[in-house]
1. Pulled fully out, how much extra length does the chain show between residue 119 and residue 241, if you take 0.36 nm times their separation in residues and subtract their Cα-Cα distance?
2. How far is it, in nm, from the label point at residue 151 to the one at residue 92 when both lie 7 Å from their Cα along the line to the Cβ?
3. So what does log10 I(q)/I(0) come out to for the stretch 44-248 at q = 0.14, 0.18 Å⁻¹, using the Debye formula with one equal point on every Cα and no solvent?
4. Working out 0.36 nm times the residue gap between residue 199 and residue 101, then minus their Cα-Cα distance, what length gain in nm do you get to one decimal?
5. What list of whole percents do you get for P(r) of the stretch 35-146, with Cα-Cα distances grouped in 5 Å bins up to the one holding the largest distance?
6. Kindly state, to the nearest 0.05, the FRET efficiency for residue 77 paired with residue 111, given R0 = 25 Å and r defined as their beta-carbon distance.
7. Could you give the length gained on full extension between residue 58 and residue 175, defined as 0.36 nm per residue of separation minus the Cα-Cα distance, in nm?
């Protein structure tokens, strides 16, 4: 019996030492793995907000905001004027908020699809929209804007051929640089096309300290002057596509060490 009284404490002590060694080794392996862990970082994290221009005479120049509403827009949801986020230019024109959608992707590209419906369209009227695109990551985003070919979309070519569209970029001075008016229908058919007023890459700056990652676009649609004099009560245009892309980060820059 005395023999067992001596052996049992020794066994218990040995088991305790082994347990401590195992826990320490497991902790070491865990921390070693953590230093090599790759984190999935969003390559694209942008908010695209759509506004409709308040243009009482439909001449393509939105109404001016009242002095107390400069840099604000009217939000139907808030039922009040709300300040624009991430200001990079002074917004003197009046717009109504319509919708906003996030573009989120761990890949190097993200696409947003949507459409607009023109109501009470008539010759000489210009229908204006503004896209406010805010980039939340520290990478420049390349922007492409265009209209797509939809599966199952069979446009009324006769009606669509009466419309034309152009895109403008809002500069830091608040001036808008427009591209040429572009027909929706060419050679009696509709196919996907892109709009680029600068004829070069449109870039949304990175969101870094001291800089604002934002770009505003104006989209204008009208009935061509050579088209019918009849008004169009309602017409749904083809879906537009906003594509945001960036150069993929080096995987080493995504490690969590």
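1. Values: separation 122, 0.36 × 122 = 43.92 nm, distance 2.10 nm.
My answer for the length gained is 41.8 nm.
2. 4.8
3. Those come out to -0.87, -1.38, one per q.
4. On the way: separation 98, 0.36 × 98 = 35.28 nm, distance 2.62 nm.
Length gained, residue 199 through residue 101: 32.7 nm.
5. Over the stretch 35-146, the share of Cα pairs per 5 Å bin runs 2, 10, 17, 19, 17, 15, 9, 5, 3, 2, 1, 1, 0 percent.
6. Details: r = 25 Å, r/R0 = 1.01.
Between residue 77 and residue 111 the formula returns 0.50.
7. Numbers: separation 117, 0.36 × 117 = 42.12 nm, distance 1.88 nm.
Roughly 40.2 nm would be gained on extension.
Bear in mind that the values in this text are calculations on the coordinates, not laboratory data. Here the structure is a predicted model, which is why all the values come from computation and not from measurement. Glycine also receives a Cβ, built like all others from the backbone with ideal geometry; neighbour counts cover every protein chain displayed.
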